[in-house]
Structures are given as C-alpha cells and as structure tokens.
Amino acid sequence: MRDTSLAAFLDGAEPVILIEIESVKGSSPREAGTFMLVSKDRIWQTIGGGQFEYMAIDHARAMLSGKTVADSMDIPLGPEIGQCCGGRTLLRFTEVNDTVAAELKARLEQANRAQPTVFIFGAGHVGKALTQAFSLLPVSISIVETRQDELHDLPAGVATHLSPMPEAIIHAIPAGSAVIIVTHDHALDFLIAREALLQPDLAYVGMIGSKTKRATFAHWIERESDAEASVNLERLTLPIGGSTVKDKRPAIIAALVAAEVLHAFHRSAAPVESPPLAFHP
C-alpha cells in the first residue's frame with residue numbers, strides 16, 4: 001500500500017509549496033488553519049476543493065516554476081469563480097524548507113494527540129467493520145478482545161489490547177472517549193457496559209443489540225442492585241446505529257455508528273479551529 005502520510009510527501013526530493021487558509025470571512029469550505037501541500041505533480045490533502053482550490057494549486061505550481069513570487073491570494077467564493085459559498089478566503093503560500101517541514105510534522109503530531117479516542121470492545125465482524133469506518137476519520141482507535149486470533153486484519157494505526165477481563169480497561173480510558181461494545185458474549189457486554197456507565201466523562205457508550213437486550217440489561221442492573229449504573233442507564237445507546245435504516249450488515253452498522261459517535265463528540269466538546277502556522281514572516 002502506498003504511503004500517503006505527511007512525512008512520506010515531505011521526504012520526497014522535489015520542491016513543495018504549502019498552501020494555508022490564513023483567514024476566512026463568511027462561509028467557506030474549510031476553516032482558517034487548514035493546509036495542503038503541492039509539488040510539481042503531486043498534492044497532499046485539500047483546502048476544500050472546487051474552483052478556488054484549483055486556482056490555489058495553479059498558483060503554487062506557478063511559484064514552483066518561477067512564474068510568480070506572490071505569496072498570497074484573496075479569493076471571493078462567489079459566482080465569478082463558479083462557487084456559491086459567499087465568503088472570502090485569504091490563502092498564504094510558503095515554500096517548504098526544513099524548518100517549515102519540521103513545524104508541519106510537529107503540528108500534525110499535536111493534532112493527532114488531541115484526537116478523541118474510540119474504544120471498540122470486540123473484534124468480530126462488526127468490530128472490524130467499525131475499525132474500517134473510523135480509520136477514515138480524525139480519531140484514535142483502540143480495539144479490545146479476549147481472543148488473540150481475532151486481532152488481525154485491522155487498519156494501520158489501530159491499537160490492540162488483549163485482555164481476559166476487558167471491563168477492567170474501562171477505568172484507563174481517557175475522558176471524552178467513545179466506548180462501543182460489540183463482543184461475542186452478552187454477559188461480557190453487560191459487564192463492560194456497567195463499568196462504562198460508571199464513568200461520567202465518556203462522550204458515548206453504545207452496545208450492539210435490540211430493545212429486548214436493553215430491557216434484559218436493565219433488569220440485570222436492577223438485580224445486581226447497582227443503583228449508580230441504573231441511574232446512568234439513559235446514557236447507554238442500545239441499539240447502536242439508530243432505527244431509521246433497517247440493515248444489519250456490519251459495514252452499514254459501522255457507518256451508522258460512526259455518524260452517531262461523531263455527533264456525540266460534537267455535543268461533548270465544540271470543535272477547535274487550527275491556528276495559523278507560526279513561521280510566516
């Protein structure tokens with residue numbers, strides 16, 4: 001598989017131009033701080049697409065060929081360029097040197113550390129589909145299993161945890177994380193869910209199942225005389241994925257749950273815009 005990372009792009013021998021959205025007025029496809037990289041015949045990431053991105057790429061390649069030295073463009077996102085956002089974007093163009101490359105890598109590492117975490121309990125068909133769905137999103141993924149032979153065929157970057165008592169891992173999960181419970185064992189699901197409901201700072205707790213399973217879990221909590229978990233039962237999403245789409249294929253469930261979790265992350269913490277990079281003169 002081709003390496004599409006920032007490091008791989010920057011490690012090429014060819015000159016590269018950084019295009020960054022320095023400021024935004026009104027509506028725009030992306031926020032201030034968004035950046036992309038352009039070389040003679042490659043690009044990395046996007047500043048929002050559309051005609052204004054084509055203009056930016058053309059300008060960057062004109063810089064690379066020595067046809068212009070202008071280091072900024074103020075672009076209205078209106079009918080004159082075939083877009084209808086209605087705002088304006090100020091773009092800044094910077095030739096990437098060692099200092100710029102190092103700062104870009106540091107910024108990306110910092111952003112990765114700040115990403116919310118999704119903990120998936122169970123690496124069966126649905127668990128693996130969930131890792132695939134979340135691997136495309138700006139989140140960190142951990143998957144927890146009791147079975148060693150299930151921890152395979154996972155996307156790059158997924159952290160794996162093999163544990164005979166996965167419910168014990170709940171206490172180490174960072175605040176603001178999502179917990180998705182899709183193990184092969186209903187009793188194990190219940191143990192994990194009970195521990196998760198005792199953690200008030202999780203952004204999302206979801207369990208695969210049905211309304212009947214939810215009722216069974218509620219009765220189990222009551223039988224265990226677990227008052228605290230019972231009070232927090234309303235925080236449990238069960239079934240996961242909502243009821244609008246009636247489709248039980250793992251990939252469909254995963255897509256629906258990913259949307260549900262992103263919504264929970266948005267509710268629990270407003271998105272933070274990336275600040276402009278610090279190396280502009």
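The numbers here are math on the coordinates, done by the rules we state, and not lab data. Every value quoted in this text rests on a predicted model; they were computed, and no experiment measured them. Every residue, glycine as well, gets a Cβ built from its backbone with ideal geometry; the counts of neighbours run over all protein chains shown.
Can you list the equivalent-ellipsoid semi-axes of the chain, largest first and in whole Å, using the square root of 5 times each Cα gyration tensor eigenvalue?
They are 44, 20, 16 Å, listed largest first.
Averaging sequence separations of C-alpha pairs under 8 Å and six or more residues apart, then dividing by the length of region 6-112, give the relative contact order as a whole percent.
32 percent
How high is the relative contact order of region 115-268, in percent, counting Cα pairs under 8 Å that sit 6 or more residues apart?
Once normalised by length, the contact order is 24 percent.
Separation of region 106-123 and region 148-227 by C-alpha centroid, Å?
Answer, in whole Å: 19.
For region 6-112, what is the Kirkwood hydrodynamic radius in Å, using each pair of distinct C-alpha atoms?
By the Kirkwood definition, the hydrodynamic radius is 14.2 Å.
Relative contact order for the chain: what percent, with Cα pairs under 8 Å and sequence separation of 6 or more?
For the chain, the relative contact order is 15 percent.
For the chain, what does -39500 (n - 2.57) per DSSP helix run (n ≥ 4), summed and divided by total residues, give at 222 nm, in deg cm²/dmol to the nearest 500?
-10500 deg cm²/dmol
For Gln45 paired with Asp185, estimate the spin-label separation in nm (one decimal), with each label point 7 Å from Cα along the Cα-to-Cβ line.
4.3 nm
Please sort 91-100, 252-261 by packing, taking for each peptide the average over its residues of neighbouring beta carbons within 10 angstrom, highest first.
Peptide ranking by packing, descending: 252-261, 91-100.
Given the pairs Lys40/Lys67; Lys211/Lys248; Lys105/Lys128, which span a C-alpha to C-alpha distance of over 19 angstrom in this model?
Lys105/Lys128
How far apart, in nanometres, would the label points at His263 and Ala8 be if each is projected 7 angstrom from Cα along the Cα-to-Cβ direction?
Rounded to a tenth, the inter-label distance reads 3.4 nm.
Suppose every Lys and Arg Cβ carries +1 and every Asp and Glu Cβ carries -1, with no other charges. What dipole size does region 6-112 come out with about its Cα centre, to the nearest 20 debye?
200 debye
Could you line up Tyr54, Tyr204 from fewest to most neighbouring Cβ atoms inside 10 Å?
The order, fewest Cβ neighbours first, is Tyr54, Tyr204.
Students often check this: by mean Cβ neighbours within 10 Å, which of 57-68, 176-187, 156-167 ranks highest, and how do the rest follow?
Output ranking for 57-68, 176-187, 156-167: 176-187, 57-68, 156-167.
Measure off 7 Å from each Cα along the Cα-to-Cβ vector at Leu162 and Ser72, then give the distance between these two points in nanometres to one decimal.
5.7 nm
Could you put Arg194, Arg249, Arg107 in order, starting from the residue whose Cβ has the fewest other Cβ atoms within 10 Å?
Sorted ascending by nearby Cβ count, the order is Arg249, Arg107, Arg194.
What Kirkwood hydrodynamic radius do you get for region 148-258 when you take the inverse of the mean 1/r over all pairs of distinct Cα atoms, in Å?
15.0 Å
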